[in-house]
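Scroll down for the structure; my scribbles are underneath it.
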Amino acid sequence: MLAAYAEGTSVVDLAAVPVLLSALLDESPSPVRIRILELLFQIVSGEAHPDEDNKQLGDKCRQRGREGLWVLYRELSCSLKGQREAAVDVPEVLETDRRRVTDYMDAVAK
């Protein structure tokens, strides 16, 4: 059911954001981490489903994601290209200071 609505975000997604961020704290294979990051991206990029009463749901999902930005920055330092590429998409949506993502990526590359 997570991010199952192509048209928008559901209330289930709001609850899933911290769970998915927590899942990134565990050691898991790169393909699993990539899928978690892709799912997070879908959720935080979404807007409320048209039938949803809470029209601020997309903003609330992004706020929940911002609470775990530190976890996402940790993923950006991964040496596995596919995982790092999946990780950069989420902070680019969440970060209020977009230059921070670029600066961090530059620092990690050195």
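Relative to the first principal axis of the alpha-carbon coordinates of the chain, what is the inclination of helix 11-23, with its axis defined by its Cα atoms, in degrees from 0 to 90 and to the nearest 10?
20
Tell me which aspartates and glutamates have Cα within less than 19 Å of Lys60's Cα, excluding those fewer than 8 residues away on the same chain?
In chain and number order, the partners are Glu7, Asp13, Glu38, Glu47, Asp51, Glu52, Asp89, Glu92, Glu95, Asp97.
Looking at Tyr104, Val71, Gly58, which one has the Cα that reaches farthest to the positive end of the dipole of the chain (charges on Cβ: Lys, Arg +1; Asp, Glu -1)?
Working it through, the farthest residue towards the positive pole turns out to be Tyr104.
Would you calculate a helix-derived [θ] at 222 nm for the chain, using -39,500 (n - 2.57) for each DSSP H run of n ≥ 4 and dividing by the full residue count, to the nearest 500?
For the chain, the value works out to -20500 deg cm²/dmol.
For the range 45-99, which trypsin sites (Lys or Arg not before Pro) are both in a DSSP coil and crowded by at most 12 other Cβ atoms within 10 Å?
Lys55
Of the residues Glu38, Glu67, Glu27, which exhibits the maximal mean-square fluctuation in a Gaussian network model of the chain defined by a 10 Å Cα contact cut-off?
In this elastic network of the chain, the residue with the biggest mean-square fluctuation among Glu38, Glu67, Glu27 is Glu27.
Can you compute the charge dipole magnitude of the chain about its Cα centre, using +1 on each Lys and Arg Cβ and -1 on each Asp and Glu Cβ, nothing else charged? Give it in debye, rounded to the nearest 20.
420
To test your reading of the geometry: what angle, between 0 and 90 degrees and rounded to tens, separates the Cα axis of helix 98-109 from the longest principal axis of the chain?
For helix 98-109, the angle is close to 30 degrees.
So I have [x] 35; [y] 54; [z] 26, and one of them is percent of Cα pairs over 23 Å apart calculated from this model. Which one is it?
Evaluating percent of Cα pairs over 23 Å apart on these atoms matches [z].
What angle do you read, to the nearest 10 degrees and between 0 and 90, between the alpha-carbon axis of helix 30-45 and the longest principal axis of the chain?
Around 50 degrees separate the two axes.
The numbers here are math on the coordinates, done by the rules we state, and not lab data. Here the structure is a predicted model, which is why all the values come from computation and not from measurement. Every residue, glycine among them, receives a Cβ derived from its backbone with ideal geometry; neighbour counts consider all protein chains shown.
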